[in-house]
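Notes for the one structure printed next.
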Amino acid sequence: MPGICAAGDLANPLMPSVTTASCQGATAGISAQQSMLVWEHRLEMSMAVEPDSAGVRFPPPFVYLGALLLGLATERFVTPRSFGIDWRLLVATGALLSVAGAAMMLAAAGLFRRLGTNVSPSQPTTLIATTGPYRWTRNPMYLGMALIYAGLAIGFDGPIAFALLPLVLIAIQTQVIAREERYLEAKFGDDYRNYKAEVRRWL
């Protein structure tokens, strides 16, 4: 579009400021459209499900985030709106849980990258992780997300958001973990079944 804008400026020598502003607006609009297209493409790629995968279509972090935001928003209209505990204790407890959850998620994701397998459940799993946090739980990433969720709900003094956590965990277990376990059993057979027998799903 710069060539068109330049031609417009020459064609309107008495109105350079107007044509320049129009060109800048057009350029900004094109940039915004390009950014939106890139964002939509990335979102489609993140939600695309490959044939050799657990078939999880919706990113699990969005489930936690959506429920948390819903719970915090609901508290503006219903009671109880508070745990009734000193805010400093709530913030300290929430921060501790959130840090622990983030550390667990980062450790699990880092292990996956070192092993050369995919983190997303919509992509193929190339091997079974049994070291690091996977020695104690089969789902450290989802457990970490749950700890972060609990930490934020407590830190923001959100009892309703906190009360929604069990429903979130049920949704994750039935719609995500169950799909992953069927996929891993079908792909790795006895190797995964033996690991499954030795390590708990959560803790």
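Here are the numbers:
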{"quantity": "Unique residue being in the same structural domain as residue 72 (by TED's automatic domain parsing) and assigned to a helix (DSSP H, G or I) when the list is 129, 108", "calculated": "108"}
{"quantity": "Selection within the range 104-114 - loosely packed, with under 15 Cβ neighbours inside 10 Å and either closer than 17 Å to residue 177 by Cα or not basic (Lys, Arg) (or both)", "calculated": "106, 109, 110"}
{"quantity": "Odd one out for residue 136, checked against (1) surrounded by fewer than 14 Cβ atoms within 10 Å (Cβ to Cβ); (2) touching an Asp or Glu at 6+ places or on another chain (Cβ under 6 Å); (3) among the aromatic types (Phe, Trp, Tyr)", "calculated": "(2)"}
{"quantity": "Among (1) closer than 23 Å to residue 72 by Cβ; (2) in a helix (DSSP H, G or I), the one test that residue 157 misses", "calculated": "(2)"}
{"quantity": "Members of the range 111-124 that are touching a Leu at 6+ places or on another chain (Cβ under 9 Å) and outside any helix (DSSP H, G or I)", "calculated": "116, 117"}
{"quantity": "Options 178, 146: the member that is more than 18 Å from residue 125 (Cβ to Cβ), of a type in the set (Gly, Ala, Ser) and assigned to a helix (DSSP H, G or I)", "calculated": "146"}
{"quantity": "Residue under evaluation residue 158, criteria (1) surrounded by fewer than 19 Cβ atoms within 10 Å (Cβ to Cβ); (2) farther than 24 Å from residue 53 by Cβ; (3) of a type outside the set (Lys, Arg), criterion not met", "calculated": "(1)"}
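The values are calculated or read from the model by the stated rules, or taken from the named source; none is laboratory data. Because the structure is predicted, anything quoted here is derived from the model rather than measured. Every residue, glycine as well, gets a Cβ built from its backbone with ideal geometry; the counts of neighbours run over all protein chains shown.
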